[in-house]
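First comes the structure, then the notes that go with it.
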């Protein structure tokens, strides 16, 4: 945006609008991070607890169960499965940890490459729930950035080039690049965006109205406000839903481990007592 402002001699106007956009993006990021902090903490604790229980606690309990019932004792399927997982983690736990760390390292490196980032962004756009949030964020960024540039007097083609890099998704960026080619051939921007797989139909419809009335910037700012509000609402809803879901998942895991351990012990104790 600064580059476009320097080229058009409107750097002061661009910087004012850029400041507004940065504030909007920072607010959105803060809301997303706030919504994800609790689930990430719970998930991390769950994973650490699982490794600790399977590697250090279950082996000792498994020995108690074997001593009580003998090597030929019949155990429930879920208890046998937990003991097998425990035995595997004891033997291969270090390897599993190293494999996870190495795999994560190479995955993060891969998604920083142009091809890896494109494939990663394609996968995100196929993920339920995340897809809607990503598209709404991208549309809001597109609408506000494009409106700012158009208001500042930047040409449509230059505005599309700058806006493509601001949407935060390589797939949608490529759609804007393709749209710029159509605009260069004489079409209105609303036409190629109307054929987009990711831009909602309402965006092209609103853009078409703006092109007809000469109020493109005003219309797009309203679109940006609408989708930013939508993102805020979705994130708030997810935050309220994710917390109880994570608690249920954690409780189910603890319950399964408790049932797989305490059930056989109680049953074998009764048999011994009888």
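No lab work stands behind these numbers, since they all come straight from the coordinates. Fair warning: this is a prediction, and the values are worked out from it, not measured in the lab. Glycine also receives a Cβ, built like all others from the backbone with ideal geometry; neighbour counts cover every protein chain displayed.
A few comments on the model shown:
- For 88, 146, the sequence from fewest to most other C-beta atoms within 10 Å is 88, 146.
- Selected from 172, 221, 129 as most flexible by GNM, with the chain as the system and alpha-carbon contacts under 10 Å: 129
- With N the number of residues in region 167-216, Rg(Cα) / (2.2 N^0.38 Å) evaluates to 1.10.
- Put a dot 7 Å past the Cα of residue 80, heading toward its Cβ, do the same for residue 262, and the two dots end up 2.4 nm apart.
- When you restrict to C-alpha pairs under 8 Å that are six or more residues apart and normalise by the size of region 2-267, the relative contact order lands at 24 percent.
- Rough spin-label spacing in nm, given labels placed 7 Å along Cα→Cβ, for residue 37 and residue 174: 3.7
- Ascending count of other beta-carbon atoms within 10 Å, so fewest first, for 102, 162: 102, 162
- Two-site FRET efficiency, residue 105 against residue 213, from Cβ-Cβ distance with R₀ of 45 Å, rounded to 0.05: 0.30
- Cβ-based exposure ranking for 20, 163, in which fewest neighbours within 10 Å come first: 20, 163
- Two-decimal ratio, the chain, of alpha-carbon radius of gyration to 2.2 N^0.38 Å: 1.48
- The chain: angle of helix 77-110 to the longest principal axis, Cα-based, in degrees nearest 10: 30
- Between helix 201-213 and the chain there is an angle of about 10 degrees, using the helix long axis and the longest principal axis of the Cα atoms.
- Over the residues of the chain, the helix contribution to mean residue ellipticity at 222 nm works out to -29000 deg cm²/dmol, using -39500 (n - 2.57) for each DSSP H run of at least 4.
- Residue-normalised convex hull volume from the C-alpha trace of region 46-169: 146 Å³ per residue.
- Cβ-Cβ distance of residue 15 and residue 201, R₀ of 25 Å, FRET efficiency by 1/(1 + (r/R0)^6): the value works out to about 0.15.
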